Amino acid sequence: MHFPMRRPRRLRRSETIRRMVRETVLQVDDLIMPLFVVHGRGIRREIPPMPGNYQLSVDQLTREVKEIAALRIPAVLLFGIPERKDAHGSQAYAKDGIIQQAVRAIKDSVSDLLVITDTCLCEYTSHGHCGVVEEGVVTNDPTLELLAKTAVAQAEAGADIVAPSDMMDGRVGAIREALSSSGFEEVAIMSYAAKYASGFYGPFRMAAESAPQFGDRRSYQMDPANAAEALREVAMDLEEGADIIMVKPALAYLDILWRVRTEFDVPVAAYNVSGEFAMVKAAARLGWLEEEQVMWEILTAIKRAGADLILTYFAKDAARLLRQRE
Ligand code: PBG
């Protein structure tokens with residue numbers, strides 16, 4: 001049947017009818033807000049390319065998470081910036097490391113907010129790589145032990161979910177085993193399973209002070225040209241014990257997200273990364289884009305492509321908008 005019998009515009013005539021036939025509906029429960037934690041007191045330092053996002057000291061962080069919980073955002077993802085960096089990133093797994101302090105403080109101040117910790121070494125290593133460097137090479141197997149120690153330290157502090165973002169081979173298995181043998185079999189793993197070597201992480205590296213001091217991350221993060229490999233990465237992480245898998249970045253990789261969604265029956269997360277956020281904010285500041293509309297369209301696209309969960313610096317803005325529309 002076609003025109004004039006069929007007229008798709010009939011179902012677009014009013015906001016009410018559009019609402020009724022809408023296929024993808026964004027919810028506040030889909031959102032996860034990333035946060036950056038620093039040592040010190042009273043620090044709330046805005047990250048220039050990421051307006052509305054801050055490096056927060058623990059006291060400020062507890063204020064921030066109360067606001068986030070009040071918006072009914074279910075979870076935060078924490079990144080730490082240590083006071084000292086060293087070759088082995090020891091502040092990542094130190095008992096009083098910044099993330100461990102932050103998790104305890106959050107758990108003491110809000111009860112129903114889920115805490116996810118990024119499990120990686122790059123913010124903590126002097127060379128800025130995600131693994132142990134030997135003779136200029138980022139090694140794989142020696143890194144696994146340190147990642148596992150980091151995950152256990154985070155779980156001990158009270159993390160609900162650990163999120164390995166390093167892209168070492170075998171890290172999910174190593175972390176799962178370490179968590180289980182330390183009595184944390186209940187802690188879930190959200191693995192950055194298909195994480196690409198992307199230019200879209202630029203603003204994040206300023207925020208987390210984690211830019212590599214030599215070379216780049218292409219020997220461990222994925223080549224943007226590859227899709228089939230993403231499916232193999234996801235399959236491996238699931239076999240090793242991941243509970244939620246992630247595709248990152250989101251926007252330039254919606255095809256990957258869709259393929260992962262159709263091939264695997266597990267919760268899928270997508271990371272709307274710092275560069276994707278910064279592009280919108282910058283263009284909006286110049287008056288070249290309508291920020292709210294574009295944000296909405298981006299988040300809806302990520303959900304439509306298959307994400308159950310969206311990690312996004314827009315989480316608070318989107319939650320406020322959802323509340324207004326209620
Ligand atoms: C750490 C990590 C990165 C991001 C999340 N975890 C940076 C990187 O791999 O260089 C990027 C997040 C973003 O850009 O918002 N490995």
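The values are calculated or read from the model by the stated rules, or taken from the named source; none is laboratory data. Quantities reported herein were computed from a predicted structural model and do not represent experimental measurements. As a convention, Cβ positions derive from the backbone with ideal geometry for all residues, glycine included, and neighbour counts pool all protein chains shown. Ligands, DNA and RNA are stripped out before the accessible areas are found, and what is left, the full protein with its side chains, is counted by its heavy atoms. Shrake-Rupley method; radii C 1.70, N 1.55, O 1.52, S 1.80 Å.
Within the range 82-190, which GluC sites (Glu not before Pro) sit in a loop by DSSP and count at most 15 neighbouring Cβ atoms inside 10 Å? Present the calculation step by step, with values, prior to reporting the outcome.
Values: sites: E83, E123, E134, E135, E145, E156, E177, E185, E186; in loops: E83, E123, E135, E185, E186.
The qualifying sites are E83, E135, E185, E186.
If you restrict to DSSP beta bridges whose two residues both lie in the chain, what percentage is antiparallel, to the nearest 5? Kindly include the intermediate steps, with their values, before the conclusion.
Values: 5 of 41 bridges.
About 10 percent, rounded to the nearest 5.
Got a sec? Which residues in the range 223-243 would a label at D255 touch, if it sits 7 Å along Cα→Cβ and we count backbone N under 19 Å?
In the range 223-243, the label zone of D255 (backbone N under 19 Å from the point 7 Å along Cα→Cβ) covers 223-234.
Multiply the residue gap between V294 and E209 by 0.36 nm, knock off their C-alpha separation, and tell me the result in nm, one decimal place. The partial results should precede the final answer.
On the way: separation 85, 0.36 × 85 = 30.60 nm, distance 2.82 nm.
Extending this stretch completely gives an extra 27.8 nm.
With angles folded into 0 to 90 degrees, how steeply does helix 291-304 sit against the dominant principal axis of the chain? Use alpha carbons for both and round to 10.
80
Number of Lys-Lys pairs in the range 85-198 under 19 Å by Cα, sequence gap 8 or more or different chains?
Working: K85/K95; K85/K149; K95/K107; K95/K149.
Close lysine pairs under the 19 Å cut-off: 4.
Sum -39500 (n - 2.57) across every DSSP H segment of at least 4 residues in the chain, then divide by the residue count to get the 222 nm mean residue ellipticity, nearest 500. Write out the running numbers ahead of the final one.
Details: 11 runs with 125 residues, N = 326.
Dividing the helical sum by the residues of the chain leaves -11500 deg cm²/dmol.
Give me the percent of accessible area attributable to carbon and sulfur for the chain, probe 1.4 angstrom. Please report the intermediate quantities before stating the final value.
Working: 7520 of 15000 Å².
It is 50 percent, rounded to a whole number.
Enumerate the calculated ³J(HN,Hα) couplings along the range 62-69 in order (Karplus 6.51 cos²θ - 1.76 cosθ + 1.60, θ = phi - 60°), each rounded to whole Hz, writing x wherever the residue is Gly or Pro.
Per residue, the Karplus-derived 3J(HN,Hα) values read 5, 5, 4, 5, 5, 5, 5, 5 Hz.
Out of L257, S14, A208, whose Cα points farthest toward the positive end of the dipole of the chain (charges: +1 Lys, Arg; -1 Asp, Glu; placed on Cβ)?
The listed residue farthest towards the positive side: S14.
Using all Cα-Cα distances in the chain, what percent lands in each 20 angstrom bin from 0 up to the longest?
32, 58, 9, 1
Please return the longest stretch of the chain lacking exposed loop sites, where chymotrypsin sites (Phe, Trp or Tyr not before Pro) count only if DSSP places them in a loop and at most 15 other Cβ atoms lie within 10 Å.
Values: sites that count: F214, W288.
That would be 1-213.
Using a 1.4 angstrom probe, figure out how much accessible area the range 283-322 has per residue, in square angstrom, rounded to the nearest whole. Intermediate results must be reported in sequence, preceding the final value.
Values: 1820 Å² over 40 residues.
Roughly 46 Å² per residue, with all protein chains present.
Can you compute the charge dipole magnitude of the range 249-319 about its Cα centre, using +1 on each Lys and Arg Cβ and -1 on each Asp and Glu Cβ, nothing else charged? Give it in debye, rounded to the nearest 20. Before the final figure, lay out the partial values.
On the way: 7 positive and 10 negative charges, 19 e Å.
That gives the range 249-319 a dipole magnitude of about 100 debye.
Using +1 at the C-beta of Lys and Arg and -1 at the C-beta of Asp and Glu, which of G42, F79, G52 has the Cα lying farthest in the positive direction of the dipole of the range 25-93?
G42
With charges only on Cβ, +1 for K and R and -1 for D and E, what is the dipole size of the chain about its Cα centre, in debye, rounded to 20? Walk me through the intermediate numbers first.
Values: 39 positive and 46 negative charges, 403 e Å.
Using only the charged Cβ atoms, the result is roughly 1940 debye.
Taking the 0 to 90 degree range and rounding to the nearest ten, how far is the long axis of helix 98-109 tilted relative to the main principal axis of the chain, both from C-alpha atoms?
Rounded to the nearest ten degrees, it is 60.
Where does helix 254-263 land angle-wise versus the long Cα axis of the chain, in degrees 0 to 90, nearest 10?
Tilt of helix 254-263: around 90 degrees.
Most fluctuating residue of V21, V273, V38 in a GNM of the chain with Cα springs under 10 Å: which is it?
It is V21.
Rounded to the nearest whole Å³, what is the per residue volume of the convex hull around the Cα atoms of the range 206-326?
Details: hull volume 17.8 nm³, N = 121.
Looking at the range 206-326, the number lands at 147 Å³ per residue.
How long is the gain from A282 to E67 if the chain were fully straight, where each residue apart is worth 0.36 nm and the alpha carbon distance is subtracted?
Values: separation 215, 0.36 × 215 = 77.40 nm, distance 2.50 nm.
The A282-E67 span can extend by a further 74.9 nm.
For the range 52-202, report the accessible area per residue in Å² (1.4 Å probe, heavy atoms, rounded to an integer). Could you put the intermediate results ahead of the total?
Working: 5210 Å² over 151 residues.
Solvent-accessible surface per residue comes out at 35 Å².
First measure r as the distance between the Cβ atoms of E185 and L114, then evaluate 1/(1 + (r/R0)^6) with R0 = 25 Å and state the FRET efficiency to the nearest 0.05. Don't skip to the end; give the middle numbers.
Values: r = 17 Å, r/R0 = 0.70.
Approximately 0.90, to the nearest 0.05.
Dipole of the range 1-145, Cα-centred, from +1 at each Lys and Arg C-beta and -1 at each Asp and Glu C-beta, to the nearest 20 debye? Kindly include the intermediate steps, with their values, before the conclusion.
Working: 20 positive and 19 negative charges, 335 e Å.
Magnitude of the dipole: close to 1600 debye.
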